[in-house]
Ligand code: F6P
C-alpha cells in the first residue's frame, strides 16, 4: 500500500481531526502517503476530485490539529448509490487516477452502507464516528434479527422490524462500545442540563431539553450526569400518563422539573413526536416543531393551568413549561480526551487494516471489564442483515429504567467506563486559557478552511 485516500462523511463530530491525525501518524510510520478527499463523497462526484496531501515527506501538515473540532477536509451527506453504476465507475476511475490504492471513510452507519459498493472495487475500510453512538451491535447476532414486513405505505412495500431476541445482553459483548464524538456530545449536553437547572429552580419552571441522536437514546442517557429528573429515550414509547404523574410528583416536591428528551422520541403508537406536531411562530406562520415542543404541548394539555395556579399564583401551564434544544453545540468544538484518544487509535487501526490487506472492515472500540478499552478490526459484512443492509444500533432496553425514566443499573455500568476519566486536565485548562484571551476581541476568526484551501490540488480533467 503506497497511497491511501481518507474522507469524512455525514454530519461532523468533534473528533474527526483526531481520527485523521491517528491515521496520518500511523501512515507516516509505515511510509504510506495519505490524501484527504475534500467534502466526503461529494468531492468524488466532482471530476476534479479536490484533495489535499496530508503528509508530504511523511510529516503531517500543521493544519491537522487533533484537538480541533470539525474536519479539516470537510464533510457532506452525499453517498454512493449502488444502483448508479456509471457514477460508481467514475468515482473509482478518479480514485485510480489519484493513485489511491486504499480508502478510509470516517463515518457512521450511513457511510458504512454507502461504502459497500466501493469496497467491491477498491480496498476500503471504515473508522467510526457519530455523536449518536449508533454504529455497532448490542451483540454479534443482532443483524440476524431483522425481518421485513409488508407495508403498502412504505417506499418499497415493506419495512424492517426486529424479531424477538434470544440473545443475552452483556456489556462485555457489545460490538463497538462507543463511537468518537459521543462523549463530547454528552459532555456538552450534560453541562446544558446543569445550567438550565438553576434557572428552572429560580423561576419554578419545568424545562424540557431536547438532545440529538436521531432514533438513538444514548446521548439522552448520558445526560444523566447533569442530573435531570426525567430522561425520555426514543427506544421506549412515551407513556404520557406516567410522565405527567412523575412531573407533578417532582414539581410538588421541588417546584421545578428538568426533563431531557431525545429528538426521536415516539408516542404509544410509535409515531415520532418531533416529526408530527405543528405550531405557529410569533407571526402566525406554521413551523414544524421538534420533539420537545410537541412534548410541551402534550404536558400543557395534561397538567393544565389550574395545577400551576395553585403554586405560581396566576401563571399558566404555558408560562411554566419551557423548552430548549442543545442543538449543534453538542456536535461542535474541541473534543474531550476520551474522544480524541480513541478516535486517534481507531484512525491508526484503519490504516493497519488496509496495510494488512483487509477490505470492507471496520476499526471498532471494544470494552471488557478486565481488559478495559482496546481496538480491533471487524468485518463489515457482519454488520449486515440478510438483505445486506446495515441498521443503526438501538440502545438496548436493558440500559434504561422505564419506570424511573433514568439509566438502569446496567445503564450506569455502561456509562461509567466511558465517562469516569473522559475529561483531560488539558480540556479544562484549554478553556481557562483561551476563551477570554484578549486577542479574541482584536483579531477576526481565522478559519482552517482558508489555510487548507491553499493546499487543495485537483485532478486534470479531460481537455483541461
Ligand atoms: O447524526 C448526527 C446528527 O447530529 C443527529 O443527531 C441529528 O439528528 C442530525 O445529525 C442533524 O443533522 P444536520 O446537522 O444535518 O441537521
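The figures follow:
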{"read-out": "Matching residues, region 1-41, being in contact with a helix residue (DSSP H, G or I) (Cβ under 6 Å, 6 or more places away or on another chain) and within 16 Å of the ligand (Cβ to nearest atom)", "value": "8, 9, 10, 14, 15, 19"}
{"read-out": "Helices (runs of 4 or more DSSP H) wholly inside region 401-464 containing at least 2 residues that are in contact with a helix residue (DSSP H, G or I) (Cβ under 7 Å, 6 or more places away or on another chain) and closer than 30 Å to residue 226 by Cβ", "value": "409-419"}
{"read-out": "Residue 167 out of contact with any strand residue (DSSP E or B) (no Cβ under 7 Å at 6 or more places or on another chain) and assigned to a helix (DSSP H, G or I)", "value": "no"}
{"read-out": "Neighbours by Cβ (under 7 Å, 6+ apart or cross-chain): first from region 209-220, on the phi > 0 side of the Ramachandran plot; second more than 10 Å from the ligand (Cβ to nearest atom) and modelled with pLDDT of 95 or more", "value": "213/220"}
{"read-out": "Selected residue (only one of 40, 36, 10, 22 is modelled with pLDDT under 95 and crowded, with 22+ Cβ neighbours inside 10 Å)", "value": "10"}
{"read-out": "Residue match in region 223-242 (condition: under 17 Å from residue 329 (Cα atoms) and within 16 Å of the ligand (Cβ to nearest atom))", "value": "yes"}
{"read-out": "Test: residue in region 384-394 that is assigned to a helix (DSSP H, G or I) and touching a residue at least 12 places away in the same chain (Cβ under 8 Å)", "value": "no"}
{"read-out": "Odd one out for residue 194 among (1) free of Cβ contacts under 8 Å to residues at least 60 places away in the same chain; (2) over 15 Å from the mean Cα position of the chain (by Cα); (3) within 16 Å of the ligand (Cβ to nearest atom)", "value": "(3)"}
{"read-out": "Hits in region 298-353 (condition: away from the ligand (no atom under 16 Å from the Cβ), on the phi < 0 side of the Ramachandran plot and in a loop (DSSP other than H, G, I, E, B))", "value": "315, 316, 334, 336"}
{"read-out": "Any chance residue 58 is touching a residue at least 60 places away in the same chain (Cβ under 8 Å) and within 18 Å of residue 3 (Cβ to Cβ)", "value": "no"}
{"read-out": "Residue in region 165-176 that is touching a helix residue (DSSP H, G or I) at 6+ places or on another chain (Cβ under 8 Å), more than 30 Å from residue 44 (Cα to Cα) and free of Cβ contacts under 8 Å to residues at least 24 places away in the same chain present", "value": "yes"}
{"read-out": "Region 46-85: number of residues that are within 22 Å of the chain's Cα centre (by Cα) and on the phi > 0 side of the Ramachandran plot", "value": "2"}
{"read-out": "Residue, surrounded by the fewest Cβ atoms within 10 Å (Cβ to Cβ), within region 91-126, restricted to residues that are closer than 28 Å to residue 167 by Cα and within 16 Å of the ligand (Cβ to nearest atom)", "value": "110"}
{"read-out": "Scan of region 129-146 for residues that are more than 16 Å from the ligand (Cβ to nearest atom) and surrounded by 14 or more Cβ atoms within 10 Å (Cβ to Cβ), ordered by number", "value": "137, 138, 139, 140, 142, 143, 145, 146"}
{"read-out": "Residue 101 vs. criteria in contact (Cβ under 8 Å) with a residue 24 or more places away in the chain and touching a strand residue (DSSP E or B) at 6+ places or on another chain (Cβ under 9 Å)", "value": "yes"}
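Every residue, every condition in (1) touching a helix residue (DSSP H, G or I) at 6+ places or on another chain (Cβ under 6 Å); (2) at pLDDT below 95; (3) over 20 Å from residue 353 (Cα atoms), yes or no:
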position: 78; (1), (2), (3): yes, yes, yes
position: 81; (1), (2), (3): no, yes, yes
position: 84; (1), (2), (3): no, yes, yes
position: 93; (1), (2), (3): no, no, yes
position: 98; (1), (2), (3): no, no, yes
position: 101; (1), (2), (3): no, no, no
position: 104; (1), (2), (3): yes, no, no
position: 107; (1), (2), (3): no, no, no
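The values are calculated or read from the model by the stated rules, or taken from the named source; none is laboratory data. All of these numbers come straight from a predicted model, not from anything done at the bench. Cβ coordinates were reconstructed from backbone atoms using ideal geometry, including for glycine residues, and neighbour counts include every protein chain displayed.
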